[in-house]
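**Student:** Dropping a structure here in structure tokens format, bear with me for questions.
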Amino acid sequence: MRAFEPIIVAFACEYCAYTAADMAGSLGMSYPPNVKIIRVPCTGKVDTLHLMRALQKGADGVLVAGCYLGDCHYKNGNLRAQQRVGYVSRLLDEIGIGGERVMMTFMSAGQGNVFAQVANEFTEKIRNLGPNPVKLGAGKAAA
Ligand code: FES
């Protein structure tokens with residue numbers, strides 16, 4: 001039996017986390033191939049629906065990575081994203097999927113090391129949590 005390898009979707013702001021991920025790659029700071037990066041113009045563009053849809057479509061964990069609070073190019077986009085992640089996290093807890101499956105993180109464009117560390121730690125956390133129950137439920141329904 002194959003070990004569980006989680007699928008992680010990372011919504012990454014192009015001003016910081018996306019560049020940091022790129023830097024991590026080019027400097028040889030490894031992070032798991034499990035992390036699928038979606039470039040967004042600002043984390044403020046990531047809606048609760050995007051987070052829920054990622055989980056519904058098979059992600060085991062969803063990361064939202066934005067600029068540090070106070071550094072958002074659209075003023076409060078990262079703050080709004082943080083609130084949405086918090087809301088979805090509480091919702092996931094209530095419906096028994098696990099609020100830890102979504103996470104907000106902050107970094108600057110030069111912090112490739114931070115991106116690599118967060119990606120590694122989050123992937124490990126989700127690996128320990130196991131597969132997204134929505135995925136398992138969908139599998140049972142299809143069987
Ligand atoms: Fe980076 Fe808003 S511009 S989070």
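**Student:** Would you tally the residues in region 1-34 being out of contact with any Gly (no Cβ under 7 Å at 6 or more places or on another chain) and in a loop (DSSP other than H, G, I, E, B)?
**Tutor:** The qualifying residues number 12.
**Student:** With the requirement that a residue be within 16 Å of the ligand (Cβ to nearest atom) and of a type outside the set (Gly, Ala, Ser), what does region 1-34 give you?
**Tutor:** Taking region 1-34 and keeping what is within 16 Å of the ligand (Cβ to nearest atom), we get 10-23.
Selection gives 11, 13, 14, 15, 16, 18, 19, 22, 23.
**Student:** Condition first: more than 9 Å from the ligand (Cβ to nearest atom) and part of a strand (DSSP E or B). Now tell me which residues in region 65-106 satisfy that.
**Tutor:** Within region 65-106, 102, 103, 104, 105 qualify.
**Student:** Go through region 35-59 and count every residue that is within 16 Å of the ligand (Cβ to nearest atom), without any contact (Cβ under 8 Å) to a residue 40 or more places away in the chain and either buried (at least 19 other Cβ atoms within 10 Å of the Cβ) or not in a loop (DSSP other than H, G, I, E, B) (or both). So that I can check it myself, show each step before the final result.
**Tutor:** The first filter runs over region 35-59 and keeps only residues within 16 Å of the ligand (Cβ to nearest atom), leaving 37-47, 50-51.
Pick out the ones that are also without any contact (Cβ under 8 Å) to a residue 40 or more places away in the chain and you get 37-42, 44-47, 50.
If we keep only those that are either buried (at least 19 other Cβ atoms within 10 Å of the Cβ) or not in a loop (DSSP other than H, G, I, E, B) (or both) as well, we get 37-40, 42, 44-46, 50.
Of the residues in region 35-59, 9 are within 16 Å of the ligand (Cβ to nearest atom), without any contact (Cβ under 8 Å) to a residue 40 or more places away in the chain and either buried (at least 19 other Cβ atoms within 10 Å of the Cβ) or not in a loop (DSSP other than H, G, I, E, B) (or both).
**Student:** Sticking with this structure for a sec: Looking at residue 62, is it of a type in the set (A, V, I, L, M, F, W, C), crowded, with 19+ Cβ neighbours inside 10 Å and under 24 Å from residue 135 (Cα atoms)?
**Tutor:** yes
No value in this document is a laboratory result; all are computed from the given coordinates. A quick note: this is a predicted structure, and the numbers were derived from the prediction, not measured. Note: ideal-geometry Cβ built from the backbone for every residue, glycine included; neighbour counts use all protein chains shown.
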